[in-house]
Amino acid sequence: MNSVQEHTPIDTNRWSLSGTTALVTGGSKGIGYAIVEELARLGSAVHTCARSQADLEKCLQQWRDSNLKVTGSVCDVSSPSEREKLMATVKSQFDGKLNILVNNAGTAIIKPAMEQTLEDFKFLISTNLESAFHLSQLSYPLLRDCGGGSIVFITSIAGNIALEDLSVYASTKGAMNQLTRNIACEWAKDNIRTNSVAPGYIRTPLIDPFVQDEEFVARENHRVPLGRLGEPEDVAGVVAFLCLPPSSYVNGQVIVVDGGRIVNGNH
């Protein structure tokens, strides 16, 4: 009589975000839009924000049509008072419960270092770095009171290597990577995991000036072992993993999503 080997059934809850709540900043376009959709499709109730009411409403309608649990509000994350208002909205929306924070909102000013003004510097610091730090502070009590959660910073390979005309932007992303490591250690006692996802060149509105240049695209495709620029969904899947139970021992990491570009010595 042949013995039948029993297999442990797959715990589908490990690959679900059902019952969780999430805040994703800058969700009306590009990587942020893809992250909102990915988390919502995995079952999370997501709140997002954008500077444009019209852009936000258009996205919210698309998500409603797809039966996804997504809400949104207008917020300029470079403003401390608007960040506080956003977190008050989130607290009310989710009855004080927050499991996931994705600090995605950010921008770039593409200029040689000698042409970057002090105003450019202040704007990028407040929009990219300061907002991510402050929103993490504001979310901390909500995450802690839920018994823990996941914070994900969206940074860039510009925080690892030098990219042309992006000196100030790169400085904010490098700082965010280090902020990730410090918060990961400091808040681990509260079961709050903190990681960064560092994309390479992803086809989003932010890099439209580059993508219009056929020579740039050909050069980058040659530098990337996978032979193409990234898509927002390439990043969103990694972010989602960092919010799921199977990543429960991943903390303080900067995960590069660039098709192999920065490890490729064949430039």
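Here is a list: PRO225, PRO199, PRO209. Which entry is touching a residue at least 40 places away in the same chain (Cβ under 8 Å) and either more than 27 Å from PRO112 (Cβ to Cβ) or in contact with a helix residue (DSSP H, G or I) (Cβ under 6 Å, 6 or more places away or on another chain) (or both)?
Values: PRO225 fails: touching a residue at least 40 places away in the same chain (Cβ under 8 Å); PRO209 fails: either more than 27 Å from PRO112 (Cβ to Cβ) or in contact with a helix residue (DSSP H, G or I) (Cβ under 6 Å, 6 or more places away or on another chain) (or both).
Of the residues listed, the single one that is touching a residue at least 40 places away in the same chain (Cβ under 8 Å) and either more than 27 Å from PRO112 (Cβ to Cβ) or in contact with a helix residue (DSSP H, G or I) (Cβ under 6 Å, 6 or more places away or on another chain) (or both) is PRO199.
Okay, residues lined up against (1) within 23 Å of TYR33 (Cα to Cα); (2) modelled with pLDDT of 95 or more; (3) among the aromatic types (Phe, Trp, Tyr); (4) outside any helix (DSSP H, G or I):
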site: SER81; (1), (2), (3), (4): no, yes, no, no
site: THR89; (1), (2), (3), (4): yes, yes, no, no
site: LEU101; (1), (2), (3), (4): yes, yes, no, yes
site: MET114; (1), (2), (3), (4): no, yes, no, no
site: LEU124; (1), (2), (3), (4): yes, yes, no, no
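Tell me, please, whether a residue that is among the acidic types (Asp, Glu) and touching a residue at least 12 places away in the same chain (Cβ under 8 Å) can be found in segment 246-260.
Within segment 246-260, the subset among the acidic types (Asp, Glu) is 258.
From what's left, touching a residue at least 12 places away in the same chain (Cβ under 8 Å): 258.
Looking through segment 246-260, at least one residue is among the acidic types (Asp, Glu) and touching a residue at least 12 places away in the same chain (Cβ under 8 Å).
Quick grid of which residues meet (1) outside any helix (DSSP H, G or I); (2) under 19 Å from the mean Cα position of the chain (by Cα); (3) surrounded by 15 or more Cβ atoms within 10 Å (Cβ to Cβ); (4) modelled with pLDDT of 95 or more:
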| site | (1), (2), (3), (4) |
| --- | --- |
| SER18 | yes, no, no, yes |
| ALA22 | yes, yes, yes, yes |
| GLN61 | no, no, no, yes |
| GLY72 | yes, yes, yes, yes |
| ASP76 | yes, yes, yes, yes |
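Assessment of segment 175-182 against the conditions (out of contact with any strand residue (DSSP E or B) (no Cβ under 7 Å at 6 or more places or on another chain), of a type in the set (D, E, K, R) and outside any helix (DSSP H, G or I)) yields no matching residue.
Specify the residue that is most open to solvent (accessible area, probe 1.4 Å); the eligible residues are those in segment 167-191 that are touching a Lys or Arg at 6+ places or on another chain (Cβ under 9 Å) and closer than 23 Å to PRO112 by Cα. Can you show your working first?
To start, the set of residues in segment 167-191 that are touching a Lys or Arg at 6+ places or on another chain (Cβ under 9 Å) comprises 167-168, 184, 187, 190-191.
Checking which are closer than 23 Å to PRO112 by Cα leaves us with 167-168.
Working: SER167: 49, VAL168: 13 Å².
Here the answer is SER167.
The values are calculated or read from the model by the stated rules, or taken from the named source; none is laboratory data. Just so it is clear, the structure is predicted and the values come from calculations on it, not from any experiment. FYI the Cβ positions are ideal-geometry reconstructions off the backbone, even for glycines, and counts take in every protein chain you see. Heads up: the accessible areas ignore ligands, DNA and RNA and are worked out on the full protein's heavy atoms, side chains in. Shrake-Rupley method; radii C 1.70, N 1.55, O 1.52, S 1.80 Å.
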